[in-house]
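Note sheet for the following structure.
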Number of protein chains: 2
Amino acid sequence: MEKRTPLPVADAVNRVMERRTSKDIEWVPIEEAGERFLGEDIVADHDVPPFDKSPYDGFAIIADDTMKASRESPVTLEVISEIGAGSVFNEKVYHGQAVRIMTGAKIPDDCDAVVMLELARTYTENEQDFIDIKRPFYTHDNISFQGEDTQKGTSLVSKGTSIHPGITALLATFGYAQVPVAKKPVVGVIATGSELLDIKEPLQPGKIRNSNAYMILAQVQKAGGEAKYFGTLTDDFEKCLQAVKDALSEVDILLTTGGVSVGDYDYIPAILEKLEAEVLFNKVAMRPGSVTTVASLGDQMIYGLSGNPSACYVGFELFVRPIIRNALYTAAPHLRKSKARLGADFPKPNPFMRFVRAKLVDDDGHYTAVPAGLDKSGSVTSLSEANAFIVLPGGTRGYQTDMTVDVLLLNEEEGSEWPWENIVPYYR
Amino acid sequence: MEKRTPLPVADAVNRVMERRTSKDIEWVPIEEAGERFLGEDIVADHDVPPFDKSPYDGFAIIADDTMKASRESPVTLEVISEIGAGSVFNEKVYHGQAVRIMTGAKIPDDCDAVVMLELARTYTENEQDFIDIKRPFYTHDNISFQGEDTQKGTSLVSKGTSIHPGITALLATFGYAQVPVAKKPVVGVIATGSELLDIKEPLQPGKIRNSNAYMILAQVQKAGGEAKYFGTLTDDFEKCLQAVKDALSEVDILLTTGGVSVGDYDYIPAILEKLEAEVLFNKVAMRPGSVTTVASLGDQMIYGLSGNPSACYVGFELFVRPIIRNALYTAAPHLRKSKARLGADFPKPNPFMRFVRAKLVDDDGHYTAVPAGLDKSGSVTSLSEANAFIVLPGGTRGYQTDMTVDVLLLNEEEGSEWPWENIVPYYR
């Protein structure tokens with residue numbers, strides 16, 4: 001067994017980010033674009049509004065006609081036509097005339113103001129409609145001007161942005177029936193460990209069900225990748241090697257879980273050597289997850305994540321998620337960093353940086369980070385509650401309740417560009 | 001046109017929540033359960049760990065044997081076998097013996113402590129392995145006990161919880177190859193308005209592309225519903241009525257957008273009357289979205305959302321989202337409420353409660369809510385930036401920068417049970 005030198009977390013993430021996988025775009029119908037990541041910037045192909053339009057139901061008029069209007073001597077205008085939303089009035093409007101106009105309809109060329117319905121007294125004489133107006137209106141009153149919201153050619157949303165409903169509205173407005181999105185990187189998952197039962201198998205003495213593989217598959221999907229499961233390997237080296245080779249022919253990124261603990265029946269280092277993969281690191285100065293291995297093979301990445309559920313989870317979020325998000329053109333591929341009040345004592349110092357699964361409690365906009373569940377490294381139940389990691393730097397001191405600490409948020413769409421600077425707990 | 005009395009927002013939401021649609025569960029493979037909502041509580045079908053196991057690589061021993069061990073006079077034990085993870089050692093272990101044990105393996109019945117690998121000196125004599133131990137170990141040292149993480153029968157996660165990767169790990173651990181999830185309510189979308197062009201059509205004078213329908217379809221999917229698009233209706237009443245009837249035969253909830261503004265060619269009220277639907281309200285004391293209509297027909301809901309993009313968006317999030325989430329068993333179906341510093345002045349009082357599309361800016365865990373884009377009611381671009389609504393109660397006063405205001409978060413998985421109490425901006 002080779003000697004493993006623990007690498008600081010930031011250095012390890014950095015080494016991973018230097019080896020990015022390739023990226024590509026594909027076009028999908030707008031109805032299927034939700035939660036995908038934009039593969040190109042959205043550019044306005046026309047002004048918004050595309051024409052001068054009425055923001056109200058009312059009457060399009062020539063403002064000049066109302067200059068002398070007052071309560072005592074209203075101005076009377078002849079209503080010559082009506083414009084529904086979606087219709088256009090192409091005829092001439094003369095002084096003394098008005099046109100009934102619906103919300104959103106185009107202002108007739110000769111008109112330059114709109115009188116709201118409720119400010120006009122309407123009446124009919126000899127089958128002709130009229131309105132009385134009791135105050136002056138001025139040029140441009142109550143008109144939504146062409147381009148006032150958005151001008152043609154404006155870049156509206158950057159590629160790499162996750163498509164939420166507000167962006168879908170923009171895409172529809174600008175005619176994107178097909179949307180350019182980042183192709184999902186294909187991420188394969190292989191579980192190793194002879195103690196693993198399939199999820200469908202009944203329990204047996206000494207064995208546990210394979211929860212890591214399904215957890216990572218879900219993490220891959222959540223990060224935006226396409227997950228592919230290659231099953232569980234057992235202890236035959238040649239079979240393992242062949243399975244890894246087969247999987248590599250189908251994926252951009254291959255994740256293995258289990259089999260990286262020193263002393264276990266661990267084939268991953270030997271397999272990486274056989275493949276002539278370049279090992280970027282095989283030990284990280286972090287808890288849990290110190291035995292994470294990452295290797296690079298051409299433009300593919302191979303990960304040896306721990307068999308311990310929490311270590312596996314942390315290893316994924318720190319080292320795999322940003323690679324997937326990077327392939328989705330995201331400028332901020334890492335977990336989003338924020339600050340929270342520490343809700344528990346961590347008196348025991350640890351030389352390694354710790355990632356404590358935590359639940360953020362929102363007290364009127366002030367967040368407290370409380371450790372989730374037992375926070376024992378083998379606990380699966382604590383993972384189910386966590387929505388953040390508390391990040392505690394390694395060193396010679398512990399940390400106390402009420403300190404302000406860095407947290408990494410697990411459920412946020414938006415990310416951080418680089419969360420690894422200035423991680424220092426402090427008292428506010 | 002009937003007279004419309006504006007209803008306070010909380011009352012309107014309340015009327016909607018009294019008419020819940022039916023709910024049901026279905027079973028899906030665990031690989032497809034991500035982001036679905038649990039249809040039943042997850043209950044532990046076995047203890048975790050399921051047996052006493054070793055948390056370390058090392059040696060299983062009988063603690064008593066080491067009582068007199070010291071640096072000066074180490075105790076020597078004979079290593080009689082080796083237990084890999086997933087294997088079980090069923091033979092007898094006698095005093096003076098030890099068994100090599102891997103992380104996660106089951107403790108032999110006769111052993112009651114584990115010595116970590118690095119605390120034992122190993123050597124071989126006459127092809128027999130031995131270890132020397134230099135300090136006493138005590139009963140239960142270094143053992144992960146059966147059930148110490150989770151006991152059989154414990155209810156672990158409540159129904160109505162969104163399935164994220166940590167929950168997937170739990171589901172796998174407890175053998176849920178198929179997962180009971182809430183059936184997605186089927187939500188139909190019909191757009192009305194003769195000014196609407198299909199997304200694929202080139203622009204025409206006076207017309208705009210139909211962005212609302214695609215936006216709502218995305219909102220439905222994001223809320224957890226199954227979205228079904230029924231296209232755009234034009235101005236023929238009988239055709240509209242038939243289209244609504246046809247759609248109602250396929251959906252749990254029907255959303256229409258457009259055609260509810262007073263003065264527009266508005267068929268929705270007449271259609272609701274023909275259907276003998278019970279109108280819960282047709283005007284809400286809110287901006288934007290005051291012309292939102294909601295009706296109930298048996299166990300179906302029919303919504304008339306505004307044709308204005310922002311009003312339509314707000315109407316959906318306030319009145320449709322909680323109905324969808326309720327059908328997904330969620331106890332907190334409304335948008336999650338939090339507090340933030342107001343990042344702009346709103347000097348003009350408004351009698352109606354305002355929902356201002358905003359971007360939350362995170363300054364080391366302190367959130368400031370800044371209005372997104374222009375915040376003009378017709379703006380689609382501002383919707384693309386917003387991740388929250390600033391909620392400003394109606395009344396006779398405006399609001400100033402630096403006040404602490406309520407915000408409703410648009411991208412949070414977790415919701416509020418009832419966000420409508422105590423909405424009062426204040427200075428901290």
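Summary of computed values
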{"item": "B:Ala388 long-range amide H proximity, modeled H, under 5 Å", "result": "B:Ala358, B:Leu360, B:Leu410"}
{"item": "Magnitude of the charge dipole, region A:336-409, Cβ model with Lys/Arg +1 and Asp/Glu -1, debye to 20", "result": "340"}
{"item": "Label point 7 Å beyond Cα along the C-beta direction, distances from B:Lys152 to other copies (nm, shortest first)", "result": "7.3"}
{"item": "Extension reserve of the A:Asp345-A:Asp141 stretch, reckoned as 0.36 nm per residue once the Cα distance is removed", "result": "67.2 nm"}
{"item": "Within the protein assembly as shown: Cβ-based charge dipole about Cα centre, in debye rounded to nearest 20 (Lys, Arg +1; Asp, Glu -1)", "result": "1540"}
{"item": "Net charge of neighbours whose Cβ lies under 14 Å from the Cβ of A:Ala213, counting Lys and Arg as +1 and Asp and Glu as -1", "result": "-1"}
{"item": "Kirkwood-type radius of the protein assembly as shown, with distances r between different C-alpha atoms, in Å", "result": "30.2"}
{"item": "Reach of A:Lys283 by Cα under 19 Å, taken over aspartates and glutamates that are not fewer than 8 positions away in the same chain", "result": "A:Glu2, A:Asp11, A:Glu18, A:Asp264, A:Asp266, A:Glu273, A:Glu317, B:Asp57, B:Glu118"}
{"item": "Test item: A:193-204 mean partner chain Cβ contacts at 10 Å", "result": "5"}
{"item": "Distance histogram for chain A (every C-alpha pair counted, 10 angstrom bins, percent rounded to whole numbers)", "result": "4, 18, 21, 17, 11, 9, 9, 7, 4, 1, 0"}
{"item": "Relative contact order of region B:336-409, defined on C-alpha pairs under 8 angstrom at six or more residues apart (%)", "result": "48"}
{"item": "Euclidean distance of C-alpha centroids, region A:98-139 and region B:102-136, integer Å", "result": "95"}
{"item": "Average beta-carbon neighbours from other chains, 10 Å sphere, peptide A:401-409", "result": "1"}
{"item": "Other copies of B:Tyr123: label-to-label distances in nm, shortest first, labels 7 Å along the beta-carbon direction", "result": "11.9"}
{"item": "At 0.890 mPa s and 25 °C, Stokes D of region A:336-409 from Kirkwood alpha-carbon radius, µm² per second", "result": "200"}
{"item": "7 Å along Cα→Cβ, label-point gaps from B:Asn422 to other copies, nm, shortest first", "result": "3.3"}
{"item": "Length gained when the stretch B:Asp299-B:Thr396 is fully extended (0.36 nm per residue, less Cα-Cα span)", "result": "31.0 nm"}
{"item": "Share, in percent, of DSSP beta bridges within the protein assembly as shown that are antiparallel, nearest 5", "result": "70"}
{"item": "J(HN,Hα) series, region B:63-77, from Karplus relation 6.51 cos²θ - 1.76 cosθ + 1.60, nearest Hz, glycine and proline x", "result": "3, 3, 4, 9, 3, 9, 5, 8, 4, 6, 10, x, 8, 9, 10"}
{"item": "Built amide H within the under 5 Å cut-off of A:Asp149, gap 5+", "result": "A:Val48"}
{"item": "Relative contact order of chain B, pairs being alpha-carbon contacts under 8 Å that are 6 or more residues apart, as %", "result": "16"}
{"item": "Environment charge of A:Lys68, counting only residues whose C-beta is closer than 14 Å and scoring Lys/Arg +1, Asp/Glu -1", "result": "-1"}
{"item": "Charge dipole magnitude, Cβ of K and R +1, D and E -1 - chain B, Cα centre, debye nearest 20", "result": "2320"}
{"item": "Beta bridges by DSSP in chain B, antiparallel share as percent, to the nearest 5", "result": "70"}
{"item": "Residue (of A:His366, A:Thr404, A:Pro393) at the positive-pole extreme of region A:336-409, dipole from beta-carbon charges", "result": "A:Pro393"}
{"item": "Long pairs among A:Lys183/B:Lys359; A:Lys68/A:Lys152; A:Lys207/B:Lys222; A:Lys159/B:Lys239; A:Lys359/B:Lys23, criterion Cα-Cα beyond 31 Å", "result": "A:Lys68/A:Lys152; A:Lys207/B:Lys222; A:Lys159/B:Lys239"}
{"item": "Estimated vicinal HN-Hα couplings, Hz - region B:333-346 in sequence order (Karplus 6.51, -1.76, 1.60; Gly, Pro = x)", "result": "x, 8, 4, 6, 9, 9, 10, 8, 6, 6, x, 7, 7, 10"}
{"item": "Fraction of antiparallel bridges per DSSP, region A:206-345 only, in percent to nearest 5", "result": "60"}
{"item": "FRET E, pair A:Thr76, A:Lys359, Förster distance 41 Å, beta-carbon r, rounded to 0.05", "result": "0.05"}
{"item": "Listed residues B:Ile208, B:His164, B:Cys240: farthest to the positive end of the dipole of region B:145-272 (Cβ charges)", "result": "B:His164"}
{"item": "Angle between chain B longest axis and helix B:9-18 axis [Cα atoms, degrees, rounded to 10]", "result": "70"}
{"item": "Region A:89-98 - phi-based ³J(HN,Hα) in whole Hz, Karplus 6.51/-1.76/1.60, Gly and Pro as x", "result": "9, 9, 8, 6, 10, 9, 3, x, 10, 9"}
{"item": "Paired Rg and Dmax values of region A:58-133, which use every Cα atom, in angstrom", "result": "11.6, 37"}
{"item": "Charge dipole of the protein assembly as shown about the Cα centre (unit charges at C-beta), most positive-ward option of A:Ser22, B:Phe352, A:Val114", "result": "B:Phe352"}
{"item": "Average beta-carbon neighbours from other chains, 10 Å sphere, peptide A:172-182", "result": "5"}
{"item": "Förster radius 56 Å - calculated FRET efficiency between A:Lys152 and A:Leu241 (Cβ-Cβ, nearest 0.05)", "result": "0.45"}
{"item": "Mean residue ellipticity (222 nm) of the protein assembly as shown, computed from DSSP H runs ≥ 4 via -39,500 (n - 2.57), nearest 500", "result": "-4500 deg cm²/dmol"}
{"item": "Sorted peptide list for A:135-144, A:7-16, A:279-288, criterion being average Cβ within 10 angstrom, highest first", "result": "A:279-288, A:7-16, A:135-144"}
{"item": "Contact order normalised by residue count of region A:221-322, Cα under 8 Å, 6+ apart, percent", "result": "24"}
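Coordinate-derived values only; no laboratory data. Owing to the predicted nature of the structure, the values given are computational and were not obtained by experimental measurement. So basically every Cβ, Gly included, is an ideal-geometry build from the backbone, and we count neighbours across all protein chains shown.
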